[in-house]
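Chemist: Got a structure for you, written out below as structure tokens; questions coming shortly.
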Amino acid sequence: MSKLTEQREKLHLTQEELAEKSGISVRTIQRIESGQRPKGYTRKALARALDVDESYFDADRDLAGTYQNVLKWNKIVNLSVLPFVCFPPLNILVPLAIIVWKKQFNPVNRQLLSIQIVWTLASLLLFVFILILNDWLAVQSNSKMLIPIVWITLNGLVIVRNALVLNSGKTDRIYPNINML
């Protein structure tokens, strides 16, 4: 909700009443409420009509900046796993350290960390499976090494895919949807 909408509703004004009170067209008020920035005369007239300071309309920009900062750190946490995809403890510890250091405890980062925790546990089980497979079957070492390589590649692809999703700003489409924190 824009600051204009918030203040207008706080004063129990309709868009038409605000337009009449401020001398600004209803269409302009609709544009500003949908995200356009009020400038010049429009900004002064709306501030006067709503009985607020002109700087009141700058708060929307602050919220957008905060969202961009959180999104930036979500991307960093996600991509910080990539160099450590072959080192299972570090693929959890490095993003966790960033989350704690930058105080980025948000649902997206918890989900990204949960993915790596589950991935690491599954890697451990896969490693045990390979050891058992080695004892039970006389499988050539080349084919045994293919399993971890494919597993690591899949984790890297999940990280890159989630980085692309985070870049588009659609944090609700992070895959796989695991959240255990």
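The values are calculated or read from the model by the stated rules, or taken from the named source; none is laboratory data. Worth saying up front: this structure is predicted, and the values here are computed from it rather than measured. Heads up, the Cβs are rebuilt from the backbone with ideal geometry, glycines too, and the neighbour counts pull from every protein chain shown.
Chemist: Find the helices (runs of 4 or more DSSP H) located wholly in the stretch 1-59 whose residues include 3 or more that are under 34 Å from the mean Cα position of the chain (by Cα), and list them.
Modeler: Qualifying helices (runs of 4 or more DSSP H): 3-10, 26-33, 40-50.
Chemist: While we're looking at this one, here's another question. Within the stretch 82-111, restricting attention to residues that are of a type in the set (Phe, Trp, Tyr) and not in a loop (DSSP other than H, G, I, E, B), which residue is surrounded by the most Cβ atoms within 10 Å (Cβ to Cβ)?
Modeler: Out of the qualifying residues, it is Phe84.
Chemist: While we're on this one: Residue under question is Lys75, and the condition is that it be under 30 Å from Ser34 (Cβ atoms) and at pLDDT 85 or above; does it hold?
Modeler: Yes.
Chemist: Let me ask another. Tell me which of these Ser22 doesn't satisfy, since it passes every other one: (1) at pLDDT 90 or above; (2) in contact with a Ser or Thr (Cβ under 7 Å, 6 or more places away or on another chain).
Modeler: (2)
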